[in-house]
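Report on the following structure.
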Amino acid sequence: MPFAFSVTARDPGSRARRGTLLTARGAVETPVFMPVGTRATVTGLAPHELTELGAPILLANTYHLLLRPGPELFRRVGGIHAFMRWPGPVLTDSGGYQIFSLPAERTVTEEGARFSSYVDGRIHMLSPEGSIEMQAAIGSDIMMVLDECIDATVDEAAVRAAMQRTHRWAVRSLAARANAEQALFAIVQGGLVRPLRRESAAFLTDHPFDGFAIGGLAVGDTRPQREDMTAFAAELLPADRPRYLMGVGTPPDLLYAIGCGVDMFDCVIPTRMAWQGTAFTSTGRVRVTRGVNHHTDEPLDVACACSTCRGFSRAYLHHLMKCGEPLGPRLLSVHNLHYYLDLMRQARAAIEAGEFAAFARQRLDEMDRHEHATRTASVT
Ligand SMILES: [Zn+2]
């Protein structure tokens, strides 16, 4: 079944939209948050737990899977779905972000990026064609083009050069795709420079990509810069294709971007924060390891319906985290992912009801108030 996207409802008070992605492995309702399963696992969680949480699609990282276990294994077992026993859709990034953000030695030429493996020091060459070949071996349902990622705040000439190379690489990626069932998204670059973002969107939307991502944000930019560029870039993208904001972000970032018409998100924040002992709750962020939770019989969040909150007290979670027991971050990951996925369920319902603008305003006010209270409490 070929990839398709349809918009089923629009919010009258914002640019938010409700849609459905049809992939070879099922439908995904948008706006959607994709939990990050970097190495073919969402750290600590089994696939059936992700199913129970209602995760509709996972993200996996081409760079890490290329280095270990490598493409031959994926070809032998028939791809990531069979390998990790996850039957739902998978989106893979191209490896661009990791090549440019991890501290390995690298040389970037027009051909691609040459870098040494953090696993065994071997030299790898990742070209646009090589990235597509690896994503084909992984068998992902949505592939991303290899892009040259740079800090959004560097000088304009460097941003322009990276953007232009990203365009040439995008065209090569499109030519390298062999299986039309695997969707391919392009990535709009251009940093924080509006004319470059416009140029990038104009170039890429002239080619038959299945969707468009906004790249290069949440890398050194401030929240107002990120919001401004998200709103600007989303508006440049065609209404009939999905829009994906890569690697962003916090719950307020998600609500803001949905209001700009963004459909897809991924971010390590909910799971990474869980492993660091922080939970997102209806009354703000909670650091489980704080002494105040030592004797608290209440759940993490009385308003939450997740299995962690239904089953366990803050005191127990505090104990697990203090002892370094892996069940602690596992239970927090379940809660944090539930928080993110539930926020998206609420956002979809609000769009369907034509009430997203009011919903987002109310939730953003609450979140900002709680953040302020948390900051005030932590300095006093
Ligand atoms: Zn919970």
Next on the checklist: Can you report the number of residues in region 44-55 which are over 30 Å from F356 (Cβ atoms) and surrounded by fewer than 18 Cβ atoms within 10 Å (Cβ to Cβ)?
Outcome noted: 2
Checklist entry - Listed residues T205, T222; which is surrounded by fewer than 20 Cβ atoms within 10 Å (Cβ to Cβ) and either within 20 Å of R17 (Cβ to Cβ) or modelled with pLDDT of 95 or more (or both)? => result T205
Checklist outcome for this item: When region 163-202 is checked residue by residue, the ones that are among the aliphatic types (A, V, I, L, M) and open to solvent by 10 Å² or more (accessible area, probe 1.4 Å) are V171, L174, A175, A176, A178, A180, L192, V193, A202
Checklist outcome for this item: Given the conditions (1) more than 15 Å from the ligand (Cβ to nearest atom); (2) open to solvent by 10 Å² or more (accessible area, probe 1.4 Å); (3) within 30 Å of F185 (Cβ to Cβ), every one holds for I351 apart from (2)
Checklist outcome for this item: Filtering region 9-39 for residues that are in contact with an Asp or Glu (Cβ under 8 Å, 6 or more places away or on another chain), not hydrophobic (A, V, I, L, M, F, W, C) and not in a loop (DSSP other than H, G, I, E, B) leaves a count of 6
Checklist entry - Is it the case that region 136-152 has a residue that's in contact with a Lys or Arg (Cβ under 6 Å, 6 or more places away or on another chain), open to solvent by less than 50 Å² (accessible area, probe 1.4 Å) and small (G, A, S)? => result yes
Checklist entry - Pairs under 8 Å by beta carbon, first residue under 15 Å from C260 (Cβ atoms) in region 342-366, partner surrounded by fewer than 20 Cβ atoms within 10 Å (Cβ to Cβ) and charged (D, E, K, R), six or more apart or different chains? => result I351/R10
Checklist entry - Would you say P238 is within 22 Å of L196 (Cβ to Cβ), surrounded by fewer than 19 Cβ atoms within 10 Å (Cβ to Cβ) and away from the ligand (no atom under 16 Å from the Cβ)? => result yes
Checklist entry - What tally of residues in region 280-332 results from selecting those that are open to solvent by 80 Å² or more (accessible area, probe 1.4 Å), in a helix (DSSP H, G or I) and within 12 Å of the ligand (Cβ to nearest atom)? => result 1
Checklist entry - So which residues in region 320-331 are in contact (Cβ under 8 Å) with a residue 12 or more places away in the chain and not hydrophobic (A, V, I, L, M, F, W, C)? => result K322, P326, G328, P329, R330
Checklist entry - Which of (1) assigned to a helix (DSSP H, G or I); (2) within 24 Å of V28 (Cβ to Cβ); (3) away from the ligand (no atom under 11 Å from the Cβ) does H338 not meet, given it meets every other one? => result (3)
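The values are calculated or read from the model by the stated rules, or taken from the named source; none is laboratory data. Note that the structure is predicted; figures quoted are calculated from it, not measured. With ideal geometry, Cβ positions are generated from the backbone for all residues, glycine too; neighbour counts draw on all protein chains shown. Quick note on the areas: whole protein, heavy atoms, side chains included, nothing else; ligands and nucleic acids left out. Shrake-Rupley method; radii C 1.70, N 1.55, O 1.52, S 1.80 Å.
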